[in-house]
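Reading through the structure tokens given below for one structure.
The values are calculated or read from the model by the stated rules, or taken from the named source; none is laboratory data. Worth saying up front: this structure is predicted, and the values here are computed from it rather than measured. Don't worry about glycine lacking a Cβ; one is built from the backbone with ideal geometry, like all the others, and counts go over all protein chains shown.
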């Protein structure tokens, strides 16, 4: 009989503790999923990009006549000590990057968001101008001063410079989004918002086909 009473008292204690724990766990807020946060961020970026795109002038492309890479970038501009813009981007976008005394990367790993490739050699990567220099020339940069073109080509503040694979950069060339888009569709949203951000800052115009292509890419921001 005594054993039964001890068992009952223990059972009551367990039941009481269970009742106390349930309400506590029920009121603990569940943090939002990281995926949901990213999706909301994409939606906000897309909305802002649409507003900026609506402010851009729509016009026919200017002539390519007179263009040369040297009109923008005789060489990469130095930004910090011996480091030029290209070396700064390689260090920024890479992982476990080691540089020599001249600031040149000698080791590292880089991810190319255009095609989803991981690259373990600096020789396999390029620093891409999101809005190609030749394309910018035809979008209004033809009328700029040499100093402004040089600032554009070495801009580390806007999303104009990014590390990508050499092969995908060669495939892109100087094309706009109406002719070329990153093979990796998951990057279309980021690519379109970056393109629009750069063009809006530098007040470069867009063509009708370019504008349509950008709007279509922004629809993937979900």
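Exactly one residue out of 50, 38, 92 is in a helix (DSSP H, G or I), closer than 21 Å to residue 194 by Cα, out of contact with any helix residue (DSSP H, G or I) (no Cβ under 7 Å at 6 or more places or on another chain) and modelled with pLDDT of 95 or more, and it is 92.
Let me confirm something: among 162, 196, which residue is in contact (Cβ under 8 Å) with a residue 24 or more places away in the chain, under 15 Å from the mean Cα position of the chain (by Cα), buried (at least 19 other Cβ atoms within 10 Å of the Cβ) and farther than 12 Å from residue 113 by Cβ? Give the derivation first.
Values: 162 fails: farther than 12 Å from residue 113 by Cβ.
None of the other options fit; the residue is 196.
No other residue among 208, 185, 190, 143 is within 25 Å of residue 56 (Cα to Cα), crowded, with 17+ Cβ neighbours inside 10 Å and out of contact with any helix residue (DSSP H, G or I) (no Cβ under 6 Å at 6 or more places or on another chain) apart from 190. Per the listing 61, 23, 105, 113, the residue uniquely modelled with pLDDT under 95, at negative phi and in contact with a helix residue (DSSP H, G or I) (Cβ under 9 Å, 6 or more places away or on another chain) is 105.
The set of residues from region 172-182 being surrounded by 17 or more Cβ atoms within 10 Å (Cβ to Cβ) and within 12 Å of residue 216 (Cα to Cα) comprises 177, 181. Please tell me if residue 76 is at pLDDT below 95, touching a strand residue (DSSP E or B) at 6+ places or on another chain (Cβ under 6 Å) and not in a helix (DSSP H, G or I). So residue 76 passes the test.
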